[in-house]
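Student: Have a look at this one.
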Amino acid sequence: MTDDTPISLLIVDDHPVVRDGLRGMFEAAPGFTVLGEATGGVEAVAKAAALDPDVVLMDLRMPGGPGVDAIRELTRRGARAKVLVLTTYDTDSDTLPAIEAGATGYLLKDAPRDDLLAAVRAAAEGRSVLSPAVASRLVSAVRAPAAGSEPLSAREREVLVLVARGTSNREIARELFISEATVKTHLTHLYAKLGVKDRAAAVAVAYDRGILG
């Protein structure tokens, strides 16, 4: 992309009014061109592959597929486009997964017009742009002790492997020659270490972190 080549965008939002407003704003500003629109994450991935935009403006919560899933898929595919999240949500459950999935920046929809234009320019150049509220949350998350940072004991790993096989507490107790109460204690400890609340989540997180292979 040269200095005189406009920055191309794909706008992803499930609200037509929002898409129309963003398209009008960028088409009226010099140095930008809108290649297309998508109403959900699934469509966004397909449109990004077909249109190859410089920047994808991505909402997060959409009926047509979550934005975080789309960001993760674009990252997995090695898409050239930079993803700039533009949403109304700034909770930890929204911001952290989006950044971890590969988003270049994260802005809220109440951002001033000039800030949004500057953020898209920065994203196109590969620079990170975060709204003040989001930046504050990320700093707090980095400073806070991470859930699941404590390693599992050998016995907890054995219990987790059996849980992943669908083994009941009673069967685990019999397999490991321990009481059911001890099994429950091990489960409580590994849930805390993994930052989860149930068996299914424990198995999912363990696979995600490579604990179960």
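Student: Taking the Cβ of each residue in Asp4, Asp94 as the centre, tally the other Cβ atoms inside 10 Å and list the residues starting with the fewest.
Tutor: Lowest to highest Cβ neighbour count: Asp4, Asp94.
Student: OK, next. Relative contact order (percent) for the chain, with alpha-carbon contacts under 8 angstrom and 6 or more residues of separation?
Tutor: 13 percent
Student: Calculate how large, on average over all directions, the projected area of the Cα convex hull of the chain is; give the answer in nm² to one decimal.
Tutor: 13.6 nm²
Student: Still on this structure, I have one more. In terms of the Cα gyration tensor, with a ≥ b ≥ c the square roots of its eigenvalues, is region 1-64 rounded because a/c is under 1.5, prolate because a/b exceeds b/c, or oblate?
Tutor: The shape class here is oblate.
Student: Residue separation times 0.36 nm, minus the C-alpha to C-alpha distance between Arg76 and Arg209: what's the value?
Tutor: 46.2 nm
Student: Under a crude label model (7 Å from the Cα following the beta-carbon direction), how far is Leu96 from His15 in nanometres?
Tutor: It is 2.7 nm.
Student: A follow-up question, please. About the Cα centre, and with charges only on the beta carbon of Lys, Arg (+1) and Asp, Glu (-1), how big is the dipole of the chain? Nearest 20 debye, please.
Tutor: So the dipole magnitude of the chain works out to roughly 880 debye.
Values quoted throughout were computed directly from the atomic coordinates according to the rules given, and no laboratory measurement underlies them. Just so it is clear, the structure is predicted and the values come from calculations on it, not from any experiment. Because the Cβ atoms are built from the backbone with ideal geometry, glycine has one as well, and the counts that use them run over all protein chains shown.
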